[in-house]
């Protein structure tokens, strides 16, 4: 009877370790990505300049990559310059719809949990912490799907 009890205990312990390992295997990428996001956001917030500008290029599905330069002062977009060719259009942008770095951080965080996202890759700038690249991928074979954002050429006007 004592031997049977030890065997049962060992079996239960082995099963528990296996289940815990499986849970960590599935959940670890999201925990790790959340931690990387939080650390990058803290770095950005610790250094966030009062006035800055940056280039952003984004695409969703099948589209042209149309870069713009965005100027921000005190957390508010103050200017937008289109940098793309004629396919991108050169009209004026609605400044309320143009993203600040905070909006790009929010997009990176939201993108990790979107229902349509099968996988994602987010890279953060090592010096400033902002999301330098966000790539959200759909399941294989899904036509005209996915999203990507590139952020580059940060210029600080006023720290």
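The conditions of being out of contact with any helix residue (DSSP H, G or I) (no Cβ under 9 Å at 6 or more places or on another chain), within 29 Å of residue 142 (Cβ to Cβ), at pLDDT below 65 and exposed (fewer than 12 other Cβ atoms within 10 Å of the Cβ) are met by residue 22. Taking the stretch 128-150, which residues are touching a helix residue (DSSP H, G or I) at 6+ places or on another chain (Cβ under 8 Å), farther than 16 Å from residue 45 by Cβ and touching a residue at least 60 places away in the same chain (Cβ under 8 Å)? Answer for the stretch 128-150, where residues must be touching a helix residue (DSSP H, G or I) at 6+ places or on another chain (Cβ under 8 Å), farther than 16 Å from residue 45 by Cβ and touching a residue at least 60 places away in the same chain (Cβ under 8 Å): 147, 149. Kindly indicate whether residue 118 is over 14 Å from residue 151 (Cα atoms), surrounded by 13 or more Cβ atoms within 10 Å (Cβ to Cβ) and at pLDDT 75 or above. Answer is yes for this residue. Residues in the stretch 38-64 that are at pLDDT 90 or above and not in a strand (DSSP E or B): 38, 39, 40, 41, 42, 43, 44, 45, 46, 47, 49, 50.
Note on the stretch 128-159: among residues that are touching a strand residue (DSSP E or B) at 6+ places or on another chain (Cβ under 7 Å) and not in a strand (DSSP E or B), the one that is surrounded by the fewest Cβ atoms within 10 Å (Cβ to Cβ) is 146.
The values are calculated or read from the model by the stated rules, or taken from the named source; none is laboratory data. Because the structure is predicted, anything quoted here is derived from the model rather than measured. Virtual Cβ from ideal backbone geometry, glycine too; neighbours counted across all protein chains shown.
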